[in-house]
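The values are calculated or read from the model by the stated rules, or taken from the named source; none is laboratory data. Keep in mind it's a predicted model, so treat the numbers as computed, not measured. Because the Cβ atoms are built from the backbone with ideal geometry, glycine has one as well, and the counts that use them run over all protein chains shown. Surface areas here come from the heavy atoms of the whole protein model, side chains and all, with no ligands, DNA or RNA. Shrake-Rupley method; radii C 1.70, N 1.55, O 1.52, S 1.80 Å.
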Amino acid sequence: MACGSCAIIPDYPRGKLDIKLVVESDDHPTRLALEALRLPPTYEIVVAPPGSPRTKPRALNVALPLLRGQFVAVFDAEDAPSALQLREAAERFLREPRRLACLQARLTIDNIEDSWLTRMFSIEYASLFDVLNPGTAALRLPPPLGGSSNHFRADVLHEVCGWDAWNVTEDADLGLRLARFGYRAGTLPSHTQEEAPSRFSAWLTQRRRWSKGWMQTLITLSRHPRRLVAEVGAINAGALVLMLTSLVLAPPLWPFLTAATIYELAAFGLPHPATGLDFVIAALWASVVLFGGGSVIWLSLLGMKRRKLLGLWPFLPLLFPYYLMMSAAAWAALYDLILRPHHWHKTEHGLARSSRHNMETIAARAAAARNAPPGA
């Protein structure tokens, strides 16, 4: 088992672990801090050589030829995966046919109480990882992978040539490329705690990178439409078009559609169809407004219920301004795509004030100290 970018203490045979800690060549503070830990031989510090692009997928590609394990797991350095996650992923891979090439664990927000943004992030992650991803995986459709807690078969990663070093949302590109090679991704009912940005500036920086990566993925997929249909099938190709439309084309249009809807209601009130065509137009308008907005609320509530976050229900009305913020990020991403397409906006971590993981770690250490024999 090989892990990229993160040091964890899993419930897994130590002799089968091969943990790579990937750092940039000029990141001297991180490298010195890792060396000072005097890590056991299970860990290896991999220094990515100077070069471009300076992206996470390039660093992963540097480590890929050095892996010795049969399975590969990718974690961000700040994440806290469940101790059983590696074992559960390996057992699932051994039970399933080789066509199942990837397993996505469920990301949960660690610092929910930090700000209203972290609460909205928690609601968003609940609907994505507890509702949408399991649903797409059950339908054998390519799910939108997250950037952390992804588990792969190592030989399949080599077969598809690893990650796209130039795509700033490498997980999205890789998940769809696996589907083009005839493989599928599933979900793993194991959780990884992740720190969400609590300030708007940090949130916007992260979100514009994600949005730019989806734009890059759409451009890549749309180069040869007939080839895409031949590789994944008409149904999967249609599903990919719908998913990419909702992630790439829809967000920049939300403010204009919202403004048009508000203006129509303020100026003319509710529709009063006089002809059959007016009735059809009114029905379509009502369907988009009611079912579109209702689906957002329903998916969020379902995810919150499954994740036991129903206490956040007072924040549900903020979903609509939150989506408008995503639109601002999409426009910023379009700007980046034109002027600096491969620039990686880094997200600062280690700022959480209400980390559940930190509190659990402190409690575990306190319990171990209480149970330790005298003089230990």
Once you charge only the Cβ atoms, +1 for Lys and Arg and -1 for Asp and Glu, what is the size of the charge dipole of region 251-363 about its Cα centre, to the nearest 20 debye?
600
How much accessible area per residue does the chain have, in Å², with a 1.4 Å probe?
51
Net charge dipole size for the chain [Lys, Arg +1 and Asp, Glu -1 on Cβ; Debye, nearest 20]
600
Built amide H within the under 5 Å cut-off of Gly186, gap 5+:
Cys102, Leu103, Gln104
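Taking R0 as 22 Å, what's the FRET efficiency between Trp344 and Arg14 from their Cβ-Cβ distance, rounded to 0.05? Please report the intermediate quantities before stating the final value.
On the way: r = 33 Å, r/R0 = 1.51.
Once rounded, the FRET efficiency stands at 0.10.
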Cut-off under 5 Å, modelled amide H: who pairs with Ser149 long-range
Val74, Phe75, Asp76
Just to verify a number: FRET efficiency for Ala83 and Thr261, C-beta to C-beta distance, R0 = 45 Å, to 0.05?
0.40
How high is the relative contact order of region 206-346? Use alpha-carbon pairs under 8 Å, at least six apart in sequence, and give a whole percent.
52
Highest GNM mean-square fluctuation among Thr245, Thr118, Thr261, for the chain with Cα springs under 10 Å, belongs to Thr261
Say we join alpha carbon atoms closer than 10 Å with springs in a Gaussian network model of the chain; which of Leu157, Leu21, Leu139 then has the biggest fluctuation?
Leu139
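If you take the alpha carbon radius of gyration of the chain and divide it by 2.2 N^0.38 Å, what ratio comes out, to two decimals?
On the way: Rg = 22.4 Å, N = 376, 2.2 N^0.38 = 20.9 Å.
Computed over Cα atoms of the chain, the ratio equals 1.07.
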A correct Karplus calculation of ³J(HN,Hα) over region 247-264, with 6.51 cos²θ - 1.76 cosθ + 1.60, θ = phi - 60°, whole Hz and x for Gly and Pro, returns 8, 10, 7, 6, x, x, 8, 3, x, 5, 5, 5, 5, 5, 5, 4, 5, 4
For the chain, what is the calculated [θ] at 222 nm in deg cm²/dmol (nearest 500), taking -39500 (n - 2.57) for each run of four or more DSSP H residues and dividing by its residue count?
-15500 deg cm²/dmol
Along the charge dipole of the chain, pointing to its positive end and built from +1/-1 on Cβ of Lys, Arg, Asp and Glu, which listed residue (Leu17, Val248, Ala267) has its Cα farthest out?
Leu17
Explain nothing, just the number: dipole magnitude of region 27-173 about its Cα centre with +1 on each Lys and Arg Cβ and -1 on each Asp and Glu Cβ, in debye rounded to the nearest 20.
500
Extreme residue, positive dipole direction of the chain, given options Ser287, Leu67, Thr118 (C-beta unit charges):
Leu67
Backbone HN-Hα couplings from phi across region 214-230 [Karplus 6.51/-1.76/1.60, Hz, Gly and Pro as x]
5, 4, 4, 5, 4, 4, 5, 5, 8, 5, 10, x, 5, 5, 4, 4, 5
Sorted by packing (mean other beta-carbon atoms within 10 Å per residue), highest first, where do 83-89, 283-289 land?
83-89, 283-289
Test of understanding: in a Gaussian network model of the chain with alpha carbons linked when under 10 Å, which of Leu302, Leu128, Leu34 would top the mean-square fluctuation ranking?
Leu34
Here, Val289 and Asp155, labelled 7 Å along Cα→Cβ, have an inter-label distance in nm of 5.7
Out of the DSSP beta bridges found with both residues in region 17-169, what percent are antiparallel (nearest 5)?
55
Report, to the nearest whole %, how much of the accessible area of the chain belongs to carbon and sulfur atoms, 1.4 Å probe, protein only.
65
Do the alpha carbons of any pairs in Lys16/Lys308; Lys20/Lys346; Lys16/Lys56 sit beyond 32 Å of each other, and which pairs?
Lys16/Lys308
Please work out the FRET efficiency for the pair His224 and Arg95, using the Cβ-Cβ distance as r and a Förster radius of 30 Å; give the result to the nearest 0.05.
0.30
Whole-Hz ³J(HN,Hα) from phi, Karplus 6.51 cos²θ - 1.76 cosθ + 1.60, for region 321-337, glycine and proline x:
x, 4, 5, 5, 5, 4, 5, 4, 5, 5, 5, 5, 5, 4, 4, 5, 4
Quote to one decimal, in nm, the extra length available between Thr30 and Arg306 on full extension: 0.36 nm per residue of separation minus the C-alpha distance between them.
95.6 nm
